[in-house]
Structure formats: structure tokens, C-alpha cells
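To start, the structure under review is shown below, and the notes come after it.
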Amino acid sequence: MNACFTNDIYTRIVSAKIFIDDHFEQPINLEQISRQAYLSKFHFHRIFKTIYKKTPHEYLTAKRLDKAKLLLEKEGINITDVCNCVGFESLSSFSLLFKKQNGFAPQYYRSIAYLKKQLAQQQPKSFIPHCYVETYKIDS
């Protein structure tokens, strides 16, 4: 714990983080988030970054992109709907940020997830760690 911050400050920052976690799919901004901590947006931003090692915006974006990965792994949800469901307003910025974080465009990520799911159904043993197979003699 940083000696400069009190338990009250930590509690307020965590409260604001939980607000992000609960509302990430909505259009929220730094002003709304900092209000949850009863701090000015500048003070909040500085403390949040010190504690979580990323800005509130970086945290919010990562939260949205993590949820997008889960939605892309499901069938029947198109990419535009995924983009909108996780709180992005622009498909192009969503695609760009998704590729930057994951190394793949959303459509390509979806294709890989689909292929992995098929392979897991066809060859389930290939998804079990070798050490586990050897220890428990799964081949026998």
C-alpha cells in the first residue's frame, strides 16, 4: 500500500473501478467515474494510474475488449453488434483497438476461436496437457 493514500482513498478508488466494471458497456467518461470516488477527475486519474498501473481509460478499454473476445467466441453475434454491446461507438476504432491488443482483427479472432472449438470436439485429447496425459495414463 502506498503510504501517501489512506484506506478511505483506496476504498473510493475501488468503488470507481467497480463502477467501470458494472457500466463498461455504457458511454461513461472520466467525470462520471471520478464522481464515484468523490475526487476531481485530475486527482482521481493520477491516483487510479498509480494504483492500477493504467489510466481509467486504458482500464475501461481493456475491460471492453476482454468482453468482446468472449462475445466473438459465441456464434450468431455479428461484429457490429459485439462492438455496440461492449460500449464502442465506432466499428473502425473497435477493430483497430482489438487488433492492437490481441494481434488479430475481430473477424480473424472469431475464425480462430471457431476452429479451436471444432478441433476440441474432434480431438479433445490434444487440449489436455501432456504431463496430465502421462501422469494419469489417459492413452491406456
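Read the figures in this text as sums done on the coordinates, not as results from a lab. Small disclaimer: the values here were computed from a predicted structure and weren't measured. Glycine gets a Cβ as well: all are built from the backbone with ideal geometry, and neighbour counts include every protein chain shown.
Could you list Phe44, Phe5 so that the one with the fewest beta carbons within 10 Å of its beta carbon is first and the one with the most is last?
Phe5, Phe44
Rounded, prolate or oblate for the stretch 65-140? Axes are the square roots of the Cα gyration tensor eigenvalues, ordered a ≥ b ≥ c, and the cut-off for rounded is a/c under 1.5. Prolate, since a/c reaches 1.5 and a/b exceeds b/c.
Listed by chain and number, the lysines whose C-alpha is less than 25 Å from the C-alpha of Lys99, apart from same-chain residues fewer than 8 away, are Lys17, Lys49, Lys53, Lys54, Lys63, Lys67, Lys69, Lys74, Lys116, Lys117.
Farthest towards the positive end of the charge dipole of the chain, among the residues Ser92, Phe44, Ile28, is the Cα of Phe44, using unit charges on the Cβ of Lys, Arg, Asp and Glu.
The modelled label-to-label distance for the pair Leu91/His57, using points 7 Å beyond Cα in the direction of Cβ, is 2.5 nm.
Taking Cα atoms of the stretch 1-53, Rg/Rh with Kirkwood Rh, to two decimals? If you can, show how the numbers build up before the last one.
Numbers: Rg = 10.6 Å, Rh = 11.1 Å.
Over the Cα atoms of the stretch 1-53, Rg/Rh equals 0.96.
Charged side chains reduced to their Cβ positions (Lys and Arg at +1, Asp and Glu at -1) give the stretch 65-140 a dipole of some 100 debye around its Cα centre.
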